[in-house]
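Any read-out appearing in this document is the output of simple, stated calculations on the displayed coordinates, not a laboratory observation. All of these numbers come straight from a predicted model, not from anything done at the bench. No Cβ is skipped: glycine too gets one built from the backbone with ideal geometry, and neighbour counts run over all protein chains shown.
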Amino acid sequence: MDIWETLYLKAKEHYHPTEVNSFIYTNHVVCALESISGNIFTGYCIEGTGGTINLCAERMALINMYQECGETQVKRLIAFRDVPPSHQNGGIPCGICRETLMQFSPSNKNTEVLVDFNTREVVTLQELLPKWWGDYRLK
């Protein structure tokens, strides 16, 4: 079993779309990430009407990582709905998640994001967020 399968299985444990009530819907997108030190953290999407609590799976996993061990650097990340990521169904973090990853650590530009589970194709966060505005602020 390679690291991508490990991450997939850890994230998949949390996939169970749930309508908590008429306002909150959860667990319909899941994520697992590997921190730079090799720890694995998971997260799931939670959405509320009116946007009061909307939080993507990737950001939840990142927050869990920071809460548990204070780490800010992510080595690898996988995110998906009901099936592993592929070119047909995405798996790429949204713009808010990309930005959050970069703000947690500019080193996260090297984070590998799995875009196709079957071929193990990855892209780096820097490829998804070229010419990041924060680089200018750091100079």
Using the charge dipole of segment 1-99 (Lys, Arg: +1 at Cβ; Asp, Glu: -1 at Cβ; taken about the Cα centre), state which of His16, His87, Trp4 has its Cα farthest towards the positive end. His87
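Mind pulling the per residue volume of the convex hull built on the Cα atoms of segment 1-70? Å³ is fine.
Working: hull volume 5.5 nm³, N = 70.
Given the Cα convex hull of segment 1-70, per-residue volume reads 78 Å³.
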Filter on Lys10/Lys75; Lys12/Lys131; Lys109/Lys139 - keep pairs with C-alpha separation over 21 Å: Lys12/Lys131
When the dipole is taken about the Cα centre of segment 40-92, and only Lys, Arg (+1) and Asp, Glu (-1) are charged at their Cβ, what size is it in debye, to the nearest 20? 140 debye
Which Cα, out of Val115, Gly70, Pro130, lies furthest along the positive dipole direction of segment 67-139 (beta carbon charges, K/R +1, D/E -1)? Pro130
So, R0 is 35 Å and r is the distance between the beta-carbons of Leu138 and Asn54; what FRET efficiency does that work out to, to 0.05? 0.80
Of Thr26, Ile96, Gly48, which is farthest along the charge dipole of the chain in the positive direction, counting Lys and Arg as +1 and Asp and Glu as -1 at C-beta? Ile96
Can you compute the charge dipole magnitude of segment 66-139 about its Cα centre, using +1 on each Lys and Arg Cβ and -1 on each Asp and Glu Cβ, nothing else charged? Give it in debye, rounded to the nearest 20. 240 debye
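Given Cβ point charges of +1 (Lys, Arg) and -1 (Asp, Glu) and nothing else, what value in debye, to the nearest 20, does the dipole of the chain about its Cα centre take? The partial results should precede the final answer.
On the way: 12 positive and 16 negative charges, 84 e Å.
So the magnitude is around 400 debye.
From the alpha carbon gyration tensor of the chain, can you work out the equivalent ellipsoid semi-axes (sqrt of 5 times each eigenvalue) and give them in Å, largest to smallest? Mind dumping the intermediate values first?
Values: eigenvalues 101, 69, 42 Å².
The three semi-axes for the chain are 23, 19, 14 Å.
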Highest average packing first - 52-62, 16-26, 1-11, 125-135, Cβ atoms within 10 Å: 52-62, 1-11, 125-135, 16-26
